[in-house]
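Asks: Below is the structure I would like to discuss, written out as structure tokens.
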Amino acid sequence: MFKDIEHLIRLAVVIAILLVVFVLLRAAVVPKSFGQYGHYRGNAIAEIAARTPAFAGHDVCEGCHTEVVDQKKLGRHAHVPCEACHGAQGKHADDPASVKPQLPDTAVICARCHEANSAKPKTFPQVVTADHSGGLACNTCHKPHRPKIEDDKETKAASPMPRGGKQ
């Protein structure tokens, strides 16, 4: 009935060898804590908790950059934390003289929140950036800390920020 079954036996041996290699390789590569909390590596939680925070916190930023706080209070970004746009600034807060943060690319950072999306509330300011700015960066027309476009008279009257102050 099963005459010439050597090729099936060879195939079964190859499959068995591949299965053993897979199991051994998986045991060597996959961490022991994988799957402890679902499809995650359980030790990752302790490793992340052991890291020192890289964020300075809004209060620390406000302590030095009071003129920016005054500008933000007048605009719609008053409750947006500094590090939401500027990134983690813990190192800058620890040593402000030697660690100078880079200004964010407003064409990218503003679009994260303000790119038009039907899932956002209608009252939230949204734009289709490709149509709205013609390729210009947002800070060409808007001040990021106080984004409403105002004429010069309004800006000078409401601006407590001295010329050449800290930014």
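The values are calculated or read from the model by the stated rules, or taken from the named source; none is laboratory data. All figures in this text were calculated on a predicted structure; none of them were measured in a lab. Every residue, glycine among them, receives a Cβ derived from its backbone with ideal geometry; neighbour counts consider all protein chains shown. When the accessible area is computed, the model is the full protein with side chains, heavy atoms only, and any ligands, DNA or RNA have been set aside. Shrake-Rupley method; radii C 1.70, N 1.55, O 1.52, S 1.80 Å.
Asks: Is it fair to say V29 is of a type in the set (V, I, T) and open to solvent by 80 Å² or more (accessible area, probe 1.4 Å)?
Replies: Against the criterion (of a type in the set (V, I, T) and open to solvent by 80 Å² or more (accessible area, probe 1.4 Å)), V29 qualifies.
Asks: Answer yes if at least one residue in segment 55-68 is open to solvent by 60 Å² or more (accessible area, probe 1.4 Å), of a type outside the set (K, R), touching a helix residue (DSSP H, G or I) at 6+ places or on another chain (Cβ under 8 Å) and closer than 30 Å to S33 by Cα, and no otherwise.
Replies: yes
Asks: What about D4, is it closer than 30 Å to H114 by Cβ, among the charged types (D, E, K, R) and open to solvent by 60 Å² or more (accessible area, probe 1.4 Å)? Steps first, please.
Replies: Numbers: closer than 30 Å to H114 by Cβ: no; among the charged types (D, E, K, R): yes; open to solvent by 60 Å² or more (accessible area, probe 1.4 Å): yes.
It is false that D4 is closer than 30 Å to H114 by Cβ, among the charged types (D, E, K, R) and open to solvent by 60 Å² or more (accessible area, probe 1.4 Å).
Asks: Of D105, D94, which residue is of a type in the set (D, E), closer than 24 Å to L136 by Cβ and either in contact (Cβ under 8 Å) with a residue 12 or more places away in the chain or open to solvent by 50 Å² or more (accessible area, probe 1.4 Å) (or both)? Show your work before the answer.
Replies: Details: D94 fails: closer than 24 Å to L136 by Cβ.
Just one listed residue meets the conditions, D105.
Asks: Among residues belonging to segment 115-139 that are touching a residue at least 24 places away in the same chain (Cβ under 8 Å) and assigned to a helix (DSSP H, G or I), point out the one that is most open to solvent (accessible area, probe 1.4 Å).
Replies: Of everything passing the filter in segment 115-139, N139 is most open to solvent (accessible area, probe 1.4 Å).
Asks: Being of a type in the set (K, R) and either open to solvent by less than 90 Å² (accessible area, probe 1.4 Å) or over 30 Å from H132 (Cβ atoms) (or both), is that true of even one residue in segment 76-87?
Replies: no
Asks: Looking only at segment 9-51, filter to residues that are over 30 Å from K91 (Cα atoms) and of a type in the set (S, T, N, Q); which one of those is modelled with the highest pLDDT?
Replies: This residue is S33.
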